[in-house]
Amino acid sequence: MELTRARLRLYYGTLPFGPGKADLLEAIRDSGSISAAGRSMGMSYKRAWSLVEEMNAAFAEPLVASARGGAHGGGARLTRAGEEVLSAYRTILVKLIDHCAPEIAAIGARLRPGGVAEPDRPPADADTPQ
C-alpha cells in the first residue's frame with residue numbers, strides 16, 4: 001500500500017514543533033491574519049494566538065510579527081525567521097520521505113490486502129497542533 005500521509009513532530013526541550021504549528025505558520029503567511037489562520041484550521045483565535053506566543057517565546061527571534069487592529073486594520077506576517085523555520089520543517093519532511101522511501105514501501109508491503117481499516121477515532125493528540 002502506498003503512503004498517504006506522514007507526520008513529523010520535533011521536540012526541542014519542552015517545545016514540540018510539528019504539523020499543527022507548521023500549518024498555522026503557513027495559514028498566517030497566506031492569510032495575513034492570526035484569527036483567519038485559526039478559523040481556517042478550526043481553532044479559536046485564543047488558541048491560535050497562544051501557539052504563536054509559544055513559538056515566539058521559544059525561538060531566539062519571533063516567527064510571527066503582528067499589529068493590533070484599528071483604523072488601518074491589524075494583521076500578522078511571518079518574519080524571516082518564521083519563513084526559514086517553516087521552510088526547514090517542510091524540507092525535512094520531504095527529505096525524510098524521499099530518503100526512507102524503501103523502508104516506507106517495505107512497511108506498506110506488509111499491510112493486509114485491501115487496505116487499512118480507519119480507526120473509530122483519531123489519536124488523542126490528533127487535534128492538538130504541535
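The values are calculated or read from the model by the stated rules, or taken from the named source; none is laboratory data. Keep in mind the model is a prediction, meaning the values are calculated, not measured. Every residue, glycine among them, receives a Cβ derived from its backbone with ideal geometry; neighbour counts consider all protein chains shown.
Observations on the model:
- Those residues of region 1-59 which are closer than 22 Å to V94 by Cβ and of a type in the set (D, E), in sequence order: E2, D23, E26, D30
- For region 25-41, the set of residues classified as touching a residue at least 40 places away in the same chain (Cβ under 8 Å) and under 15 Å from the mean Cα position of the chain (by Cα) consists of L25, E26, I28, R29, I34, M41, listed by residue number.
- Applying a threshold of 6 Å to beta carbon distances and a minimum spacing of six or more residues, or different chains, the list of pairs starting in region 1-19 at a residue that is over 13 Å from V85 (Cβ atoms) and ending at one that is part of a loop (DSSP other than H, G, I, E, B) reads M1/L111; R9/G18; R9/Q130; P16/R9; P16/Q130; P19/R7.
Here's the yes/no breakdown for (1) within 14 Å of the chain's Cα centre (by Cα); (2) among the charged types (D, E, K, R); (3) under 30 Å from E103 (Cβ atoms); (4) part of a helix (DSSP H, G or I):
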position: L3; (1), (2), (3), (4): no, no, yes, no
position: D23; (1), (2), (3), (4): yes, yes, yes, yes
position: M43; (1), (2), (3), (4): yes, no, no, no
position: W49; (1), (2), (3), (4): no, no, no, yes
position: N56; (1), (2), (3), (4): no, no, no, yes
position: A60; (1), (2), (3), (4): no, no, no, no
position: A65; (1), (2), (3), (4): no, no, no, no
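- Residues that are small (G, A, S) and either in a helix (DSSP H, G or I) or more than 12 Å from A76 (Cα to Cα) (or both) within region 25-41 comprise A27, S31, S35, A36, A37, G38, S40, listed in sequence order.
- In region 23-39, residue surrounded by the most Cβ atoms within 10 Å (Cβ to Cβ) [restricted to those that are among the charged types (D, E, K, R) and over 15 Å from A65 (Cβ atoms)]: E26
- Residue within region 109-130 that is surrounded by 10 or more Cβ atoms within 10 Å (Cβ to Cβ), modelled with pLDDT of 90 or more and in contact with an Asp or Glu (Cβ under 9 Å, 6 or more places away or on another chain) present: no
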